[in-house]
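Some notes on the structure that comes next.
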Amino acid sequence: MSSEAVVRKSNVIQLQDESELREPLEVKGQTAGNAGKASPVVVIYFWADWAEQCKQVESVIDDLAKKYTKTQFFKVEAENFEDISEAYEISAVPTVILAQKAKIVGRIDGANIAEIVKKVAEACAAANGIKSEPASAVEPAEFQQDLNTRLKGLIERAPVMVFIKGTAAQPRCGFSKKIVGMLNEQNIKYGYFDILTDEQVRQGLKEYSDWPTYPQLYISGELVGGVDIVAEMIESGDLIGMVPAEAVAK
């Protein structure tokens, strides 16, 4: 291993102490060496291990850090750093903050991958010696994931998947609350995706499934339907018969 590899410090920091984040955001006095230079932008990614959407965003953050090597990226577990989360008004995860000194210069709530890539490019390209790209070319090839492939992956994430507004613990519309309640009453184990966190998924799934409303229930990768159909199938006894054995709580 070369000496350069030994001393090189990663520009991705999993926050362990508040002071690690405080230093790069401090307003430093101007010197002959930094006169005329803008303070660097710092990327702060707030996450939680229970939020499925964070896994995808974390992968994007890691890839962006490899491209913008002169920019510092901080990963902050929101619930472990309540003061920092409160200071940046973090009410949900994932959230990505772009900060310059003590000022927020960019914010992306939810797993909006295209917007994260775009905002980081706009804020960090110049400091990394990368030529500014037109908006249409902002997303590098590695982020231009085929939407249908992504939707298929989400649908097949669990034997029973439901796409709702909000979370299973806190649904954010009456229909989502109703379908979650029905699944719980049937002792069905299920995964869920909060469509309010990703507009690309919210709009794309309607076309992919040819189903214009939410919630949407999938079993073994196949669309079952919405609240009314699920209620009818529960009443007839058909729903439980479609659920794989491993998705029924004992």
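How fast does region 158-229 diffuse by Stokes-Einstein, in µm²/s, taking the Kirkwood radius from C-alpha pairs at 20 °C and 1.002 mPa s?
Values: Rh = 12.0 Å.
Reported coefficient: 178 µm²/s.
Between residue 236 and residue 147, with labels modelled 7 Å along Cα→Cβ, what's the label distance in nm to one decimal, could you check?
3.2 nm
If the cut-off is 15 Å between C-alpha atoms, which aspartates and glutamates fall inside it for residue 250, apart from same-chain ones fewer than 8 positions away?
Filter leaves 185.
Which one of 185, 20, 82 has the biggest mean-square fluctuation once the chain is modelled by GNM with Cα springs under 10 Å?
Per the Cα network of the chain with a 10 Å cutoff, 185 tops the list.
Share of the chain's accessible area from carbon and sulfur, percent, 1.4 Å? The partial results should precede the final answer.
Working: 6760 of 14040 Å².
The nonpolar share, carbon plus sulfur, comes to 48 percent.
Could you work out which residue, out of 85, 59, 236, moves most in a Gaussian network model of the chain, that is, has the largest mean-square fluctuation with Cα springs under 10 Å?
For the chain, modelled as a Gaussian network with Cα springs under 10 Å, the answer is 236.
Kindly work out what percent of the DSSP beta bridges joining two residues of the chain are antiparallel, to the nearest 5. Before the final figure, lay out each step's value.
Details: 21 of 33 bridges.
Percent antiparallel among DSSP bridges in the chain is about 65.
Ordered by residue, what ³J(HN,Hα) values in Hz, to whole numbers, does region 172-182 give under the Karplus form 6.51 cos²θ - 1.76 cosθ + 1.60, where θ = phi - 60° and Gly and Pro are x?
10, 7, x, 5, 5, 4, 5, 5, 4, x, 5
At 1.4 Å probe size, with every protein chain present, just tell me what the per residue accessible area of the chain comes to in Å².
Working: 14040 Å² over 250 residues.
On a per-residue basis, the chain sits at 56 Å².
Got a sec to turn the phi values of region 227-234 into Karplus ³J(HN,Hα) couplings, 6.51 cos²θ - 1.76 cosθ + 1.60 with θ = phi - 60°, whole Hz, x for Gly and Pro?
4, 5, 5, 4, 4, 5, 6, 5
Identify all aspartates and glutamates with a Cα-Cα distance to residue 165 below 12 Å; exclude those on the same chain that are fewer than 8 residues away in sequence.
Once the sequence-local aspartates and glutamates are set aside, what remains near residue 165 is 194, 198, 199.
Taking Cα atoms of the chain, Rg/Rh with Kirkwood Rh, to two decimals?
On the way: Rg = 21.7 Å, Rh = 20.4 Å.
Radius of gyration over Kirkwood radius for the chain works out to 1.06.
Counting pairs of alpha carbon atoms under 8 Å apart in space and at least six apart in sequence, what relative contact order in percent does the chain give?
Values: 351 pairs, mean separation 39.3, N = 250.
Answer for the chain is 16 percent.
Once every DSSP H run of n ≥ 4 in the chain is given -39500 (n - 2.57) and the sum is divided by its residues, what mean residue ellipticity at 222 nm do you get, rounded to the nearest 500 deg cm²/dmol? It would help to have the intermediate numbers written out before the result.
Details: 10 runs with 93 residues, N = 250.
Dividing the helical sum by the residues of the chain leaves -10500 deg cm²/dmol.
The values are calculated or read from the model by the stated rules, or taken from the named source; none is laboratory data. What you are looking at is a predicted structure, and each value in this text was computed from that prediction instead of being measured. A quick note on method: Cβ atoms are made from the backbone with ideal geometry, for glycine too, and the neighbour counts reach across all protein chains shown. SASA here: full protein model, heavy atoms, side chains in, ligands and nucleic acids out. Shrake-Rupley method; radii C 1.70, N 1.55, O 1.52, S 1.80 Å.
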